[in-house]
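Take a look at the structure below.
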Amino acid sequence: SQTIHQWPATLVQPVGSPLSLECTVEGTSNPNLYWYRQAAGRGLQLLFYSVGIGQISSEVPQNLSASRPQDRQFILSSKKLLLSDSGFYLCAWSVRRVLGYNEQFFGPGTRLTVL
Amino acid sequence: RKEVEQDPGPFNVPEGATVAFNCTYSNSASQSFFWYRQDCRKEPKLLMSVYSSGNEDGRFTAQLNRASQYISLLIRDSKLSDSATYLCVGKNTGNQFYFGTGTSLTVIP
C-alpha cells in the first residue's frame, strides 16, 4: 500500500530564516505531487505541483520554491520566511492519470509558525 | 469566482439526524469530484468519490448534477464521530484539484 510522509510535524521559525520541508511517497511510482498551504480557518491553497522529476508548476508567486530531486520526493523551501508564511503545509500525491478518478492522498502535514 | 463553492456552515445537528451539504462548481469542464473529511488540525482524508450515477457508502450518499453544476453529500443517522469539516473537490482534465473552503458539521449528543 502507498504511504506519504512529511517532516517535521511542527516547526517554529523566526522571520527571515530559511525553510525546508520534505515529503516522500512510498509504494507508488511516477506520482503527481502537490504542496498546499492552509491558513488558520481557511481553505487549501495550492502552492506547487509536479508531474515528474525536475518539473514544477507554481500556482502562487511568493517567496516559496519547490523541487523534486527524485521521483517520490518533494521539497518545499524558502530563503527568508515571512510572518504570512505561517500555516499548515500539506503534501499530497495522486496517480498520474489525466482522465478518470485519480484521488489525492495527503500526508500528515507540517504546522509552521513564523514569529 | 471560485472554482468550487460551499456553504461554510456551521451545521449543528442532533445525533441520528440526516444532514445534506451542497457544493457548486463553476467549470463545466470539470471531470471528477470528491468529498474529503478534515478533522481539526489534521490532514484531509478522502471520504468518497462522486460518480455521475450517484453512489452510496454506508450512511453516506453522494450525487452529481452536471446540468446544474452541483455536488451533494447526504449523511444519514449522524454520529458524534461525523463531526468534522467536509471539503468538496473538483478536478479538471489536467493535474489540478480545486478545493472548496469546507462545511463545518457538529453532531450534538
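Listed by position, the strands (runs of 3 or more DSSP E) inside region A:1-42 whose residues that are in contact with a Pro (Cβ under 9 Å, 6 or more places away or on another chain), within 20 Å of A:Asn63 (Cα to Cα) and open to solvent by 80 Å² or more (accessible area, probe 1.4 Å) number at least 3 form an empty set.
Taken together, the residues in region A:64-85 that are closer than 19 Å to A:Thr24 by Cα and touching a residue at least 60 places away in the same chain (Cβ under 8 Å) amount to 1. Hey, can you tell me all the residues within region B:30-62 that are within 22 Å of B:Gly16 (Cβ to Cβ), away from chain A (no Cβ under 14 Å) and either at pLDDT below 95 or open to solvent by 50 Å² or more (accessible area, probe 1.4 Å) (or both)? Matches in region B:30-62: B:Glu56, B:Gly58, B:Arg59. Based on what the data block shows, is A:Ser67 hydroxyl-bearing (Ser, Thr, Tyr), more than 19 Å from B:Gln96 (Cβ to Cβ) and under 11 Å from the mean Cα position of the chain (by Cα)? Here the answer is yes, as A:Ser67 does meet what is asked. Name the one entry in B:Asn95, B:Asn27 that is more than 14 Å from chain A (Cβ to nearest Cβ), within 22 Å of A:Asn32 (Cβ to Cβ), open to solvent by less than 60 Å² (accessible area, probe 1.4 Å) and not charged (D, E, K, R). When all the criteria are applied, what remains is B:Asn27. Checked against (1) farther than 18 Å from A:Ser94 by Cα; (2) at pLDDT 95 or above; (3) more than 13 Å from the chain's Cα centre (by Cα), B:Ser68 passes all but a single condition, namely (2).
The residues of region B:15-36 that are in contact with a Pro (Cβ under 7 Å, 6 or more places away or on another chain) and assigned to a strand (DSSP E or B) amount to a single one, B:Tyr36.
Taking the numbered list (1) in contact (Cβ under 8 Å) with a residue 60 or more places away in the chain; (2) over 14 Å from A:Trp93 (Cα atoms); (3) among the polar types (S, T, N, Q); (4) within 14 Å of another protein chain (Cβ to nearest Cβ) in turn, A:Gln13 passes all entries but (4).
Checked against the criterion of being at the interface with another protein chain (Cβ under 10 Å from one of its Cβ atoms), open to solvent by 40 Å² or more (accessible area, probe 1.4 Å) and either in contact with a His (Cβ under 9 Å, 6 or more places away or on another chain) or of a type in the set (Asp, Glu) (or both), region A:53-71 has at least one qualifying residue.
The values are calculated or read from the model by the stated rules, or taken from the named source; none is laboratory data. This structure is a prediction, so every number in the text was calculated from the model and none was measured. Note that each Cβ is placed from the backbone with ideal geometry, even for glycine, and that neighbours are counted across all protein chains shown. In case anyone asks, the SASA skips ligands and DNA or RNA and just uses the protein heavy atoms, side chains included. Shrake-Rupley method; radii C 1.70, N 1.55, O 1.52, S 1.80 Å.
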